[in-house]
Structure formats: structure tokens, C-alpha cells
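Written out below as C-alpha cells is the structure these notes cover.
The values are calculated or read from the model by the stated rules, or taken from the named source; none is laboratory data. Model, not experiment: these values are computed from the prediction. Here the Cβ positions follow ideal geometry from the backbone for every residue, glycine too, while neighbour counts run over all protein chains shown.
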Amino acid sequence: MTLENGTLITGRMKFISGVVEGFYGRPWSAEQRKLLFTWMQKCGLNTYMYAPKDDYKHRAYWRELYSVEEAENLTHLITAAKEKEVTFVYAISPGLDISFSNAKDVLALKRKLEQVSTFGCDAFAVLFDDIDPELSEADRSAFQSFGLAQVSVSNEVYEHLHEPKLFLFCPTEYCASRAIPTVSSSEYLNTIGSKLLPGIDIMWTGPRVVSKKLTIPSLEEISSVLKRPAVIWDNIHANDYDPRRIFLGPYEGRSPEIIPYINGVMTNPNTEFEANFIAIHTLGQWCQSNPDGVKKDIMKDDRMSPIASDIKLETENEFTIDDDLASRVDTRYQPKMALKTAVKDWLLELHCHREPPRQPFPRVIPTFLQGSSGPPGVPTDEPSGHTGPPVMQNPSPPIDDLPGLPTSLPGNPSIPPGVKPLATGEDVNVEDVPSAAQPCMDPSELQAPSTPPENYLPPSPPAGLPLPDVIKTCLTPAFTTQSSTVSSIPAISMICSSVRAPEPISTFLQPPSLPVSSLSEAPPSDSISDTGSTTESGAEPMDIAMPSTSDCPDSSQSSPMPLGTDGASSPQITPVLEKQHSSDSLMQVESDIPSDRKEYPEDNHSASQIKLEAVFSEDDALAIVNLFYMPFEHGNNSLFFLQRLHWLRNNALAISKKKGHAEHSFEATEWHHLSEEFIARVEQASNLLVKLVNGPNKSFMCDMYSYLWDLVSLLKICRAHVQWLAKGLATQPLAQQTFSCVTWFSKGYKEAFMSGDQEPWVFRGGLQAELQRLLPIDSAHDLFYIKPPDYIVTRPCNLRPYTPADEDALYNICLKTCDDGMDGTDVFPEHPLLMGDKIIGKFLTLSPEYGFVIEDDMGVCGYAVAALDARDFAKKSEISWLPAMCEKYGSPEKKEGYTPAEEVIQSFHGEQKIISDEVYSQFPSVLRLDVLPNRVEDPALPRRLLACALCALKCNGSKGVHCELSIGDKFLMDFYTKLGFFPVTPMDEIGEDTLCLGRPI
């Protein structure tokens, strides 16, 4: 290929197309990689790069040679790639701690790659991405610049390996936003381009780390600087920066016209292997859409051919730049059509019987930072100021393994314990935040009433983020939209000292994967039927395990049991999902199973091979794709949920009974019709989760479950909120808009999201976060960012408003949980309704409009009941409810010792506790929430249920809620504490039997 400057690159391989396993997180297994080679061969892709960031011999301990066992497994993998006509590229990342002037380090790098070459590998890559761009003191005396040091080592290694046919180099400035000061004037990039040997290909991600578009002018600019066309490291499907997003959409934003301007494209896709079929399939279609690499419509000097010019004149109002036009008028590759083609083949994969890979417990490997005490024999004179990516330091055992201590703090979910936050000694540009982590947020912005663990490192916000105002405000402003000031909360000395501080709440975001021994032998068990218990090597993805239901009052009673066809409990045990912080063995020992019986069949699938009736239809597959589309674009299903929820919320006053609107007016009829459509679409999304769990491809199920579970949970909250709005009781449906809440519909937000001008991690959380911001309690993060269960929930539950028909079920639940979260049936044998009358009867009679229930296939199994104005509610109870109870239950005779039932009855006749004005002022609403732990499999349901009740209260102006508990209810205190409540009863008002816990809304 000849460039305009006359540089000629010869003797190179064909256009590079394929996959780079270069993400942060749990690496793929050996069997998954072999299946990947099969997919790549079918899709016409030719290159795979082995570069998992969390394989410790690839990055953290790159000097270590492979053991005999590891070498054997790596050899098998290289051989498998060759059998599928895929070039295996072995990549190494020495940049964390290499001393470029140290001959021993350079020799170690040569020796490592030389060893891999003996395994049959003939293609290599040296990666210097995501590292501190500063030379050590020793290196500064040997090299004039960081670029010259990298070039020197890379050229030396390249020549030592006898100039392999494919040798890739990833620079530290690997995208335009990281080029200092610009691409054309970057001293580093110009040094790399002029000094790196011409046979070495250079990787480039485009304008940004995750680039929405790749344009011809930008590719021409980087080719001119690098003195060769770049190989694109494409992060368009990467999701390692946001644990709530996964991308199933087609390869797009790159016109086939750019193919002549590059040497290749390698996609760095989702961390979850099974989610990448469409990304790989559509990339293959894209690469084959312009195989000759001929410039056709777009001509030199930005002139266009007559045909393209005519099209532009006809459609010039539809596009903003010429590259938009080129990508849309090009009929060789259309992303939507490519998606439909890929989905047809994807359905065959979804219906294959495939078990998830084995997941041994990761080896704990410390990662040493610049300026810290590193491994023996490694210089440690690098600068101590570290402004690069957050790096795991000497990881301790996962926090969620400690009894009673959840994973991370809801007030700051983005920086888990053990991770170094970004330094704030100098300004940090938003593009400097690596794809390994999300931008830090000020802990005060997410403040929650929690006490952090001792080893928790609070982050500091990056300084000087050049973001538009609409983007700044999308980083949620506060824990509550109407925060209480410090002075308005009772002093610590006035708070009940008998109740411990609330624990941190288990959030969705988990610590990053620990580095793993990449080529170690996996445990022999890899099937759900192999064992019924976990082993020392770690839990299998489908092992039997008892779930941790930390949000249930008595977790010991909760053991999920799938239902049989008759609705009765089945002895089958619920499979367990892998934990997000664990990692698998990358190179596993070859299986002795015959090739025709392996988990990942390599033969072409056909309809006759699918023995089970199809679980997913083509419409189902497209629905899942549209729920998890692309980083800069929401799919049709996602847009429907956003637009419809926004419309229903904004027009809720049209059916408000308090506003006197006619029940059968046109506006009310329209509102109810559209709400029913919204509810039906939520049910369809819920059915997708059921189909996912019941599908034969358990590997796909394990990869997708946490994402779909999270989204469906949010949609169920939205559905319950819409059902409550349908009652016409809301007086302030836009309560959360009183502050600077930014939603999808705020001016400039959608345009900023879709423009690609910001990295996608600026808009964190995907559709789930957008839906959350449309709810009244949008900043109650502990009720939304929740760690997925470590097991598959087989009993789906719905959330809905309370109806009078539920009264008996709620009384039964109250009885089953009244004894400090345990069954009180034997305690009150003669009065089964007594505790219901005591605890929830007044709510159901005087304030039923603020009740919500959890309902499974057996009926109601949890409830939350509330009253908007607790002071008024107490007065009404004293006037109407208590006299009725006194009449129903006569006063017991005076004697020395009362039975438990007599004590409760006597409480109706005795003096009632008076709540302080301070509590009423800060927490004006009152609530009671109980669930049956043996029926609620999903540990997040209590928080989801609380979210429904708080949304309703917030819509009518409440700013806080409290609950009254008996001083001896230790389990219930712990239960409510984990729901974000904290003691608010002043010391001088604590009675002998009750205290108040409160939570701001």
C-alpha cells in the first residue's frame, strides 16, 4: 500500500480483521476462545489478539515465563486458531513497571515472547496503553523522551523475533483526545511514526477512547503522522467502563469507505463473551462490504463524485457533515440490515445447549504502582504522583465475602474498596479517564446515611472537567432531591445509642476482577450435574448454593426453590451465578470428551440440531438487542419506555381526582390507554427474562442475566408507579424536577448523549439510569444500584399497588413476620388477626392509597404500607381506629404477667406514644414494610418495594419517612437499616418499647 508521502509498506499480510480480547475484567475461557475462532471463521475474520488486562502474566507480572502446564494449554489454543485460519497474536503489556534502560528488563521481554514463539505463535503485539507517560530517573538519562524509549525497545524486540509478518504496537496516546496537544503536533506520535520500523503496525482507537464515528479526514491525519495506515482498535462495543451496560447492537458509525485508509480493524467487545456474536457477525459483514478497498464516491481534496453530490443536494438538510452522508448513502453496508442478518444466525446460538465456563477462584496478585514498592529487582524510582487509571493494590479478600458487610457504599459506588482514586493534584481531562474505570464522583453528591468500612478510600472529583452544563448536572446531584441540612438532623449525642450505625448497602457496582493465573488448570467439574456443593477452588457458575438474602429479616429462612409444573416447590436447586469479582482460568486443560460431544460444538448449526422447542423468537432477540443497543444510541424499545414514561408522568394531572378532572374525559381516556400499553410492554420485557432463564444456552444466560435482571427490576418499579398514578392521587408528579435533575428530555442532554463528543462513561447506567431519573426519587441510588443476586431467581415477582382484595394476605404476612421478622402464629394462636390490627390495620383502613405489594405465582408475599401525613394519620387513628380496636378486644384483667396477646391488646387501651415534632418535621410520613423471606428469592425486592412507596409519597410532597419499631426487634432494625433508615428518636424521648427510624426522600 503506497501513501501520498511515498512511504511504501510491503510484505505485509492481508487486511487485518478480527477480535482483540483487551478489556478489563474477567477474561474469557479457553473453550470460549475456541468457539470464538469458529465464529470468526464463519464471519470471514482473520485475526485474534490475546491481551486480557486481568491476566497477570500479560500485564502485572509480564516477566514471568509460562509453566509447562500453561505452555501446553497456550499451544493448544494457538493450534486451534490456526485450524480455523485465524492468526493468533500474542500481546504483552510491560508498561506498568518496565525500565526501558534496564538490559535485564529488555532481555526478560525478549525471553517471554521468544518462549511464546516456540508454542507456534508467529504474530505479536507490544502494548503501552493506560500507563503513566513519565520516564523513570534512570530512563531519563538514557532516552530523550517517552516515545523514543518505547520505540527503542519495540524495534529491538521486533528484530529479535526476526521481523514477524504481523507485529502490532499500541501507543500511550492511542486516540486523538489523548494526543498532546493535538494529533498532528504531538511530539510523542511523531516520534513513534518516524522512528518505529515500517513493518510494525500501530493501533489507534480514533477520535476518542470509544469513538462514535471514524472519518476519512481523521484517518488521513493519523496516517500522515504515523507514516503508515493505522490498525483500528475499536472500542465501540466495549463495556468494561460501565457495569450496567452491555452492547448488542450492530457494528456502525464506520462507512466502508474508510477501509482503504486503514490496515485493519479489531473490535474490543463486551466483557461477556456470549454477548458478542452480533458485534462479530456484523463486523465481518462490514469488512467484506468493500473488499477491494477502492475509493468510489468520495474523491480527493474533499470533492465528491457527481452521484454523491446529487444525493447531498437532495438530502442536505438531513445531515450535518459529509461523512454522515457517505455512511448513509452507502448501500454496501447498512447496520440495520446487517443486524437482521446476524440475528438469524444468533438464534441458532441461543438455542444451543451450552454450559458456562468453569470459574476457579482467582489467584490474588498485587499490582504495583509507580512510586510504590514493586517486585524484587524492579526499579521503583518512578514519580510518585499517579494520574493514570485506578489500579488494584494488594487486593484483600472480596468485601462481600465478609459476614454482614455488603460490597460497597451506596454513597460512592464508583470507587470500590482497594482501588486508588484518581489524583487531584492537577487538572484532569475527562478523556484521561481510562476505559477501565468510570469517572469519580464527589461522595457528597451521593451521600447516604452509612458508615464506610475502614479500608474504604473516598474519591475526589476530577478537577476541571470541560463538560457542558447539561452533562455536569447529569451526574446525579444529591442523595435526595430535597436534602436535609446537617443542622436539621438531631445531633449524634441525641440519637439512640443502643442502635448501631447502618451498614453500607450492597450496590450494583463491584470491585474489578483480581488478576488471575491465566494458564492454570481448571477444576475437573464443569457441569451443573457434577457436584452439589462448592469446592475450595471457588464456586462454579451453576453450582448449588444458598443465596444471601441480606435484605430479608431472616435470611436463614430464604432458600430459593424453583417451582415445578404444578406450582409446588421442586427439589431442584437454583443454579448460582458467578460473582462479578471472580475470574476464570483462561487456558484450561484439554477436555477428554470426544469432539462431537464438546460443550461448544464447532460444526455448523442447523435447525435439525435444535432439539428443544425455540425459546427465543426473532422478535424476542431483536427486543433484547434494542434494550441494550449501543453506547451512543438507545434502541427502539428503550426509547419507547423513556418517551412513554415521560409523557405519562408529565400528564398525570389530567386524571388527578383532586384537580376535579372528569373520569371519562378525552384526556383521561387517552392517558389510561397509553398507560396500559406501557404496562403491557413492561410485561413483555419481564417475559424476556423468563425466557432467558429457561433457554438451553446457559452460558448466554449467565452472561446476560445481571443486565436484564437489573433493567426488568427498574421497569417493574416504573410500572408500579404508573399503576399508582392511574389512581389519580398524584398532586406533584414532577416533584423531582424542583432541583437540577437532568433527564433524557432536558434541553441539550439527548443531543450531547448521541453526539459522541463525550466518552460514553460520562452518561453512566444506560437505560436503567435514564428511567431512574424520570422517577420522583431519582437520586435514591441505594434503591437502584444494587448488586445482582449470585444465583438465578426462578420465581419472578411483580410489584403493584395494594387493592382491598389483598387485605387477608397482608394480615397473614404480618402474622408470619411479627415476631421480630419470624412467624408469630404460635405466639398468638387465639388471635390470628391481632398483630395485623396492631401493625397494619390502620394503614389499610385510613391510608390504603399508599400501599404496594410484592406478588409471585402463589400470591402476595410482601407489602409496604404508608401514610403521607403521619401527624394527621395519628390523629385519625386515635379518633376512629383505636376505639374500634378497643371495642373488638376488651381490656384484659389486671394481673402480674400478661401473655404476649394480652400485652398487645393492652396497648390499644393504654396511653399512645407521642412522636416528637422534630421527627414529624424532617420525616413527615410513616411506613411499614414486611416480606416473607422464604418466598422472596430476589434479595433486591425489599428495596424495589420501598422505592415504589417512596415514589408515591414524593409525588404528594413528602420529604422524609419514618417507621416505628419495638426496641427489642433487633432483626427488623437491621432490616430497616439496610434499607437506608437510621435512628432519629432523641435520647430523652426513647420509651421502653419503641423508637423511630427515619430516611429522607
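Among the residues examined, VAL157 qualifies as outside any strand (DSSP E or B), within 13 Å of LEU113 (Cβ to Cβ), hydrophobic (A, V, I, L, M, F, W, C) and at pLDDT 95 or above. The set of residues in the range 768-792 that are closer than 12 Å to ASP710 by Cα and among the β-branched types (Val, Ile, Thr) contains only ILE786.
Residues are listed down the side, and each one gets a yes or a no for (1) at pLDDT 50 or above; (2) over 22 Å from ILE624 (Cβ atoms); (3) touching a Phe, Trp or Tyr at 6+ places or on another chain (Cβ under 8 Å); (4) assigned to a helix (DSSP H, G or I):
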{"site": "ILE278", "(1), (2), (3), (4)": "yes, no, yes, yes"}
{"site": "GLY284", "(1), (2), (3), (4)": "yes, no, no, yes"}
{"site": "LYS295", "(1), (2), (3), (4)": "yes, yes, no, no"}
{"site": "ASP301", "(1), (2), (3), (4)": "no, yes, no, yes"}
{"site": "TYR333", "(1), (2), (3), (4)": "yes, yes, yes, no"}
{"site": "MET337", "(1), (2), (3), (4)": "yes, no, no, yes"}
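For the range 877-888, the set of residues classified as in contact (Cβ under 8 Å) with a residue 40 or more places away in the chain and surrounded by 17 or more Cβ atoms within 10 Å (Cβ to Cβ) consists of TRP881, MET885, listed by residue number. Cβ-Cβ contacts under 7 Å between residues 6 or more apart (or on different chains), taken from a first residue in the range 862-876 that is of a type in the set (Asp, Glu) to a second residue that is surrounded by fewer than 24 Cβ atoms within 10 Å (Cβ to Cβ), are listed as ASP869/PRO924. Just one of the listed residues (LEU96, LEU135) is assigned to a loop (DSSP other than H, G, I, E, B), more than 27 Å from GLN41 (Cα to Cα), in contact with a Lys or Arg (Cβ under 8 Å, 6 or more places away or on another chain) and in contact (Cβ under 8 Å) with a residue 24 or more places away in the chain, namely LEU96.
Assess whether LEU36 counts as being assigned to a helix (DSSP H, G or I), crowded, with 24+ Cβ neighbours inside 10 Å, assigned by TED's automatic domain parsing to the domain that holds LEU109 and touching a residue at least 24 places away in the same chain (Cβ under 8 Å). Yes.
Starting from residues that are assigned to a strand (DSSP E or B) and of a type outside the set (Val, Ile, Thr), keep the ones in the range 39-71 and report whichever is farthest from GLU83 (Cα to Cα). My answer is ASP55. Here ILE98 does not qualify as aliphatic (A, V, I, L, M) and closer than 19 Å to VAL20 by Cα.
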